[in-house]
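Working notes, structure below.
Bear in mind that the values in this text are calculations on the coordinates, not laboratory data. Computed from a predicted model, the values in this text were never measured in an experiment. Heads up, the Cβs are rebuilt from the backbone with ideal geometry, glycines too, and the neighbour counts pull from every protein chain shown.
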Amino acid sequence: MEGGEKISYPLGIEQPATAASTDANGMATETRFKMPVDSDHKATEFWLFSFAKPHMRAFHLSWFSFFCCFVSTFAAPPLLPLIRDNLGLTATDIGNAGIASVSGAVFARLAMGTLTLVTTPAVYYTSVIRSANGFLLARFFTGFSLASFVSTQFWMSSMFSPPKVGIANGFAGGWGNLGGGATQLIMPLVYDLIHKIGSTNFTAWRIAFFIPGFMQTVSAILLLALGQDMPDGNFRKLQKAGDKPKDSFAKVFYHAVTNYRGWITALTYGYCFGVELTIDNIIAQYFYDRFSVNLRTAGIIAASFGLANIISRPGGGLLSDWLSDRFGMRGRLWGLWVMQTLGGIFCILLGKMGTLSSAIVVMILFSLFVQAACGLTFGVVPFISRRSLGLISGMTGGGGNVGAVVTQVIFFKGSKYLTEDGITYMGIMILCCTLLIILIHFPQWGSMLLPPKSGATAEDYYLAEWSEHERAKNYHISSIRFADNSVREGGRSQRGGSSHSKHTVPVDALPSRV
Amino acid sequence: CNLCESIHAVLYAGEDTITVTWSLDRTAVPAGGDAAYEKVKVLLCYAPVSQKDRGWRKTDDLLKKDKTCQFTVVEQPYSGATASANVTYRIKRDVPTATYFVRAYALDGSDTQVAYGQTTDAKKTANLFDIVAITGRHASLDIAAGCFSAFSIAVLIFFFFIEKRKVKK
C-alpha cells in the first residue's frame, strides 16, 4: 500500500502507469493518468502534496470546498460576544441558533458544488440581520453546507481504490473540519483589522462576514470548473454511455435502514463528530466569559481545538488501518471504543478545569482523541454495507449532526446549566453512548467481545444484500470483489494460510474461483 | 405608581448624552472616612431585566467576577468631601440595547472599590433608563450582500446550463 509496488494478477494483467486502455464497451480511450490506477481507473496511491489530474485535484478541490463550508458555518461563534450585544441575544437565542446551524445538514443531500453555492447567500445575509430570528435563520441555512461532507466522502470513494479510500477520506474529512478551527482565528483577526481601519464594532463584524462568503463562492466556482465526478469523466455522461448501472433506491434504502450497525455508528458518530460541532459552537464564548480573555485570544484558543484536525482525524484513519492489519475488524472496533472513551474522559475533565492553562491543555488532549475517533469511525463504516455504502455513510454523517443538535438542546441552550457543567455532562454522555460499539458484530469477523462465527464469510455477508433474482443478473459482482478485498479484516490469524499478500488487492476481473 | 416603573427614558447610542452628578453622602460616611478615596469611576450598569438569560452580564458579589457594569462613563480624581462633580457623557456607539442605571465607585490608591452610589434603589428597579444601540447596518452592506448572493446563484445556474449542454453532445 505504501511504496507504489506494481502488482501482477493471476490473469497476467499489469497495472500501467498510464492507461491507454479500453473501457467496458471495448472502445479505446485516450485517457492518460499521472497516477497508477486500478481497473475502475481509481487511484491506487495517495499523493498528498500533488495536484495530479483528476484524482489528487479532486481531493484538493474537495477538502478545500468543505473547509470553506466549515469556515462559514462556524464564523459566528468567535464573534458572538459582539453579535449578542448588537442583536440583544439571550443565551436561549444563542443556543437555538447553534442548534439550527447543525440541524440543516441532517436532511440535505445535495451535491457539493451546488450546496456550496446555494448556501452562500445565507452567509451574506448574516451581514444584514437585525434580530435573534434573523440570526437563527442565517445560521440554519449556512449550516446546510455541512452536508457536503457526504459528497466529499462519496467523491473520494469514486476517485480512490479501496486500500486508499480510508486515507483519502480521512484527509478530506479532517482538512475540511479544519475550517471549524481556522474560522475562530480568521474571524476575530478580520474583525480587528476592519475595526482598526475605522468601522464601529457593530458594523465591523458584519463586514467580516463577507470573507467566508467570498471563500465559499470562489471554492465552489473552482470545484465546478475544474473538478470531475469520476476518473473518466462526469457522472451523467457516463450514465448515458451505459457504464454505470442504476440501482433501485428502494432496495438500497431497505438494506441501509435494516442494518443495525449503521444506526449504532450514526449514534456514536454523534458523540465524536457531533461533540466536535458543539464545541466549535460554544468554546470561544466559554473561554471569553469564564477566563476573561479578549476576543482574539478566545479565538486562538478555540481555533487550536479545530486545528488539531490537521493530523488527528487522518491519524485516526491510519490507526484504524494499522489495527486492522494486526487484529482485523476487532482491532478497528476496539481502537474506536478506546479513543472515543478517552475523548469522553477528557471532556469531563475540561469542564472541571478552573485555570486557563489547564483548560487549554485538557481541551487539546480532548480534541486529539475525539477527532481521531471520527477518523476511526469511518474506518469501520465502509464495511457495514457494500450495496448501501452511500446511504450508511450519509446516516452516520447525519447522526453526527443529530448528536450535535441533541447535545446543544440538552446542555447548551438557555441558562439551565453553566457552560462548564454542560461540558462535563456531555463527557458523561459520550462515555455512555460509546459503549454501544460493543454491540457491533460481524459474523465473519466478530465483535469487541465475541469471536467470529465459524464458517461465516465476508462473501456471505455482502451477498445477503442481493436477492437470488439480482444475483442471476450479476448485479452483485462488485460486492464479491469487495468481499475479497476485505480478507484483511479477518486479522492475521484468518489470513495465515491465504495466498493473498498483506495488502488488499483490487481484483481486476472475476475471481478465478467463481 | 405601578406603571411608572415600566416607562423609561429612551436614549440613542452615538447621539444622546447623559449628565451624571455625584457628591459625598455625609450622612453615610463619617468625617475623615473618605481619606482613602482617590478616584471616582462612573459606569453604565445593566438592570436585572437585561441580565436575564444572559450569563455574560451576571452580577457576582465578588467584584472581580462581577459583570454588571461593563461601560465606563468617566474615571477622574476624587474632588473631595465638600464639592460635587458632574460629567456629561455622549453614549458611545458600542453600547448595546438594554435597560441601565448608573453607578459610581470610589477607588483607593490600589484601584480597589471602597464605596459606591447608584441612580437606582437596592432592588435595581427604580429610575432606570433604556439605551437603543446603533444597528451597525448600512445601505452599502445591504446592497453588497444582495449583489454577491445574486452572483453566487447566477454562477450556479451557469454551471448547470453548461453541464446540460455537455451531456446533450
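Just order B:126-137, A:150-161 by mean Cβ neighbour count inside 10 Å, highest at the front, would you? The partial results should precede the final answer.
On the way: B:126-137: 18.7, A:150-161: 24.2.
Highest to lowest by the protection proxy: A:150-161, B:126-137.
Go ahead and run the numbers for FRET between A:E468 and A:L222, Cβ-Cβ distance against an R0 of 35 Å, rounding to 0.05. Can you show the working numbers first?
Numbers: r = 47 Å, r/R0 = 1.34.
The calculated FRET efficiency here is 0.15.
In this structure, B:N86 and B:S110 have a Cβ-Cβ separation that, at R0 = 25 Å, corresponds to a calculated FRET efficiency of about 0.45.
Sequence-distant contacts, meaning Cα pairs under 8 Å at least 6 residues apart, place the relative contact order of the stretch A:54-447 at 25 percent.
Could you tell me which residue out of A:F140, A:A456, A:L350 lies farthest along the dipole of the protein assembly as shown toward its positive end? Charges go on the beta carbon: Lys and Arg +1, Asp and Glu -1, centred on the Cα centre. Sorting the options by dipole projection puts first A:A456. On the basis of the beta-carbon distance and an R0 of 60 Å, B:L11 and B:F160 show a calculated FRET efficiency of 0.70.
For the protein assembly as shown, give the magnitude of the charge dipole about the Cα centre (Cβ charges: +1 Lys/Arg, -1 Asp/Glu; no others), in debye to the nearest 20.
Dipole size: approximately 1300 debye.
Relative contact order for the stretch A:164-303: 37 percent, from Cα pairs under 8 Å spaced at least 6 residues apart, divided by residue count. Selection among B:I18, B:I153, B:H8 by position relative to the dipole of chain B gives B:I153 as farthest towards the positive end (Cβ unit charges, Cα centre). Contact order for the stretch B:2-132, expressed relative to its length and based on alpha carbon pairs under 8 Å spaced 6+ residues apart, stands at 39 percent. Evaluated with a Cβ-only charge set (Lys, Arg +1; Asp, Glu -1), chain B carries a dipole of roughly 1420 debye about its Cα centre, given to the nearest 20.
Listed by chain and number, the aspartates and glutamates whose alpha-carbon sits under 15 Å from that of B:K166, ignoring those within fewer than 8 places in the same chain, are A:D229, A:D232. Positive end of the dipole of the protein assembly as shown (Cβ unit charges, origin at the Cα centre): among A:L391, A:P231, A:F327, the Cα lying farthest that way belongs to A:P231. When we measure straight from the Cα of B:K64, which aspartates and glutamates land under 20 angstrom away, once same-chain ones fewer than 8 places off are left out? List returned: A:D289, A:E420, B:E38, B:E75, B:D108, B:D111. For the stretch A:54-447, a crude dipole built from +1 on the beta carbon of Lys and Arg and -1 on the beta carbon of Asp and Glu, taken about the Cα centre, is about 700 debye to the nearest 20. Per-residue ellipticity at 222 nm computed for the protein assembly as shown from its helices equals -17500 deg cm²/dmol, with DSSP H segments shorter than 4 residues left out and the rest contributing -39,500 (n - 2.57). For the stretch A:54-447, a/c is not less than 1.5, where a ≥ b ≥ c are the root eigenvalues of the C-alpha gyration tensor, and a/b does not top b/c. That puts it in the oblate class. Under a Gaussian network description of chain B, with springs only between Cα atoms under 10 Å, the residue in B:K52, B:K92, B:K41 that fluctuates furthest is B:K52. Shielding by partners for peptide A:210-219, expressed as the average number of C-beta atoms from other protein chains within 10 Å of each residue's C-beta, is 2. Checked against a 31 Å cut-off, the cross-linked pairs A:K196/B:K124; A:K196/B:K67; A:K53/B:K168; A:K42/A:K251; A:K196/B:K123 give Cα-Cα distances beyond that limit for A:K196/B:K124; A:K196/B:K123. For the residues B:C69, B:C147, B:C45, a GNM of chain B with alpha-carbon springs under 10 Å puts the largest fluctuation on B:C147.
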